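Step one of this worksheet: look at the structure below.
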Amino acid sequence: MEHDWIMGLLGGGLIGLGGAVYLLGNGRIMGASGIIGGLVDGSGRSTATERLVFLAGLVGVPTILYLATGMTKETHLTPNWAVVIAAGLLVGIGTRVANGCTSGHGVCGISRFSLRGMVATVFYILAGGITLTLMRHVLGVI
Amino acid sequence: MRLIVSLIAGGLFGAGLFLSGMTDTTKVQGWLDVFGNWDPTLAFVMGGAILPMAVAWQLTRGRRPLVGGEFPAPPRHEIGHRLIVGSVLFGMGWGLAGLCPGPSIASLSYGGIAGLIFLGAMGAGMLAAPTVGQSLDRIAAPA
């Protein structure tokens, strides 16, 4: 749709504002995989409450918007559970081994001209593009 | 106070992901689908997010976090095997499903069973990551 890019910029601005608030307020980098991972493996136990509260906002606001606006929201996630499980495992392993995902390396890293953030972003976009092209256009799995 | 900051930041992140359409896997996969029906939205989202973040990094100079503590150390520069291999594995999963960690959580209330299964698998992957990382270190170590 032709207005998607406006919503993209606007939504992106809110994401960046969230990252700015988290950085300037708490002095922390807003990386989703780090915030979640520290809870999952217990490495972030000392800051567990603020991580949980962050996640409550991250789940809560979309839920409120979803209910209040009546916007039809679907994730269109594939119903193929094998693909979903494989993807989840890869995302979980990859983001923790690389120490960051789209928000940490992408948004927060690139904006401070971090070489690691830029290199990570190039590699996950390339890997994502190649995987999608192979699985969709060559193998026809997704 | 740290908790209020966390709640506001998480809420803004969630609102941005919701409004930009980034919890819709067809839009994310559309960005990666260069040989299909390419969708540039993700680039606008990234650009829109990086701008305020770049201003925020500039504002950290000579200041301290409002609620206390320290700002993160300057970025490290070493490009190791963990960064590269981890990012490639993450990208493969991202391409397969069109979900990364932020949107997978943000869509919890409307993502259905498949979304929950993704979250479970992602959690299991996160638990397995230290073992995978150590295996990578052994492979990468000079013999």
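Using every Cα-Cα pair within chain A, state what percent have a distance larger than 19 Å. More than 19 Å apart: 64 percent of the Cα pairs in chain A. Its Cα centre serving as origin, the protein assembly as shown has a Cβ charge dipole (Lys and Arg +1, Asp and Glu -1) of approximately 780 debye. Largest GNM mean-square fluctuation across B:18, B:90, B:71, computed for chain B with C-alpha springs under 10 Å, falls on B:71.
Binning all Cα-Cα separations of the stretch B:1-50 at 10 Å, short to long from zero, yields these whole-percent fractions: 25, 41, 23, 9, 2. Accessible surface ranking for B:66, B:108, 1.4 angstrom probe, highest first: B:66, B:108. Normalised Debye scattering of the protein assembly as shown at q = 0.11, 0.16, 0.17 Å⁻¹ gives log10 I(q)/I(0) of -0.57, -1.28, -1.46, counting only Cα atoms as equal scatterers and leaving out solvent.
Radius of gyration (Cα atoms) of chain B, expressed as a multiple of 2.2 N^0.38 Å: 1.24. Take the accessible area of A alone and of B alone, subtract that of the pair with a 1.4 Å probe, and the total buried over both chains is about 9100 Å². Protein heavy-atom accessible surface, 1.4 Å probe, per residue over the stretch A:1-118: 42 Å². Applying a DSSP loop filter and a limit of 15 other Cβ atoms within 10 Å to the trypsin sites (Lys or Arg not before Pro) in the stretch B:1-109 leaves B:61, B:63, B:76. These residues, B:70, A:74, go from largest to smallest accessible area, 1.4 Å probe, as B:70, A:74. Accessible area ranking (1.4 Å probe, heavy atoms, ligands and nucleic acids excluded), largest first, for B:113, B:105: B:113, B:105. The stretch A:111-131 and the stretch A:15-89 have Cα centres spaced 20 Å apart. Relative contact order of chain A, taken over Cα pairs closer than 8 Å and 6 or more residues apart, is 23 percent. Over all orientations, the stretch A:75-142 has a Cα convex hull whose mean projected area works out to 5.0 square nanometres. The share of accessible area on chain B that comes from carbon and sulfur is 70 percent, using a 1.4 angstrom probe.
The values are calculated or read from the model by the stated rules, or taken from the named source; none is laboratory data. As the structure is a prediction and not an experimental result, all values here were calculated from the model. All Cβ positions, even for glycine, are placed from backbone atoms using ideal geometry, and neighbour counts span all protein chains on display. The protein model used for the area step is the full one, side chains on, heavy atoms only, and it has no ligands, DNA or RNA in it. Shrake-Rupley method; radii C 1.70, N 1.55, O 1.52, S 1.80 Å.
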